Amino acid sequence: MGEVRVEAEGGVLTVTLAEVESRNALGASVVNGIHEAITRADDDPTLRAVVITNEGSTFCAGANLKEQSGAEKTARPKLGFEQLLEQIQRSPTPILGKIRGHVVGGGNGLAAALDIAIAQDDVKFGFTEVRLGVAPAIISVVCLPKMRRGDALEAFLRGNRFSAAKAADYGLISRAVPAAELDAAVDEVLADLRLGGPNALGFAKSLVYQVPAMDPKDAFAWTADLSGRLFQGEEAAAGMKAFLAREKAPWARDDESGGGGE
């Protein structure tokens, strides 16, 4: 679909939000497009990671106000925005953000839900909901676990814009870099991901989201069982064999060719 462009290369599925006229607002077409791309990556073992980026000066402007107000009729969303945020975090595929534009309102939730997000240092972020008479309700579920309470109160209540560096300090994104360094910074992360076992990456991601919500006794029992199963698995056997032989693991890729092509 035109609003979301999806391209596969080198085992990476790049999802470009391209609804520039609406500033990549979270309407049905954008939410559906991201959802379909993640589902595709989860179903295709040749795709090792997803990168979400943007065209135009805005990465994501949050809710599509024309749709919310009923002023514009659109296709029915396949799932709600809250379900998309949950899908991002439950997906076993590493999902990165390459943020080239401003992040407003619900866009902060999209950025915060990503596993690793890197932004240009010249873009601005802002929880502007209160200035529209609403609150950052849904996105608080993914933003608050990353933010100190005092930072969240200031950002949510003031509704002002702040720098990408401040967004990184808040924990909403991983880091901010000069625009000229953004591609290289994301490529460096992707190079590391290609060295990780595909199953191991998915389980490592699940630990981050599941363990903090568990009772410590239950967490130790669950992680001990998981660790045992992983060490006994074929992927670990291949990885340890390669390590001891000082060879690359069979899944390791340091090139950007092949896999996941259209």
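Here, each number is a calculation from the coordinates, and none is a lab measurement. Just so you know, these numbers come straight off a predicted model, no measurement behind them. Note: ideal-geometry Cβ built from the backbone for every residue, glycine included; neighbour counts use all protein chains shown.
Once you have the Cα-Cα distance between Glu21 and Ala135, take 0.36 nm times their residue separation minus that, and quote the gain in nm to one decimal.
On the way: separation 114, 0.36 × 114 = 41.04 nm, distance 2.42 nm.
Full-extension gain reported as 38.6 nm.
In terms of its alpha-carbon gyration tensor, region 4-193 comes out oblate; a/c meets the 1.5 threshold, while b/c is at least as large as a/b.
Treating only the Cβ of Lys, Arg, Asp and Glu as charged (+1, +1, -1, -1), what charge dipole size does the chain show about its Cα centre? Round to the nearest 20 debye. Mind showing how you got there, number by number?
Numbers: 28 positive and 36 negative charges, 153 e Å.
Rounded to the nearest 20 debye, it is 740 debye.
So what's the net charge close to Asn54: Lys and Arg +1, Asp and Glu -1, counting the other residues with Cβ under 15 Å from its Cβ? Please report the intermediate quantities before stating the final value.
Values: positive: Arg5, Arg23, Lys98, Arg100, Lys124; negative: Glu3, Glu7, Glu19, Glu21, Glu55, Asp122, Asp183.
Here the charged neighbours net out to -2.
Length available on full extension from Glu82 to Ala242: 0.36 nm per residue minus the Cα-Cα distance, which gives 53.5 nm. Measuring from label point to label point, each 7 Å out along Cα→Cβ, what is the Ser227 to Asn199 span in nm? If labels sit at Ser227 and Asn199, their model points lie 1.8 nm apart.
If R₀ is 30 angstrom, what is the calculated FRET efficiency for the pair Asp192 and Asp215, using the beta carbon separation as r and rounding to 0.05?
Using R0 = 30 Å, I get an efficiency of 0.40.
Of the residues Asp215, Asp192, Asp43, the one that moves most in a GNM of the chain with alpha-carbon contacts below 10 Å is Asp215.
Comparing Gly56, Gly106, Gly233 in a Gaussian network model of the chain, where Cα atoms under 10 Å apart are tied by springs, the biggest mean-square fluctuation is seen for Gly233. Quick one: how many lysine pairs does region 4-193 have with C-alpha atoms less than 27 Å apart and a gap of 8 or more or different chains? Give me the count, please. Lysine pairs satisfying the spacing and distance rule in region 4-193 number 10. Top mean-square fluctuation among Asp151, Asp183, Asp218, Gaussian network model of the chain, C-alpha springs under 10 Å? Looking only at Asp151, Asp183, Asp218, the biggest GNM fluctuation is shown by Asp218.
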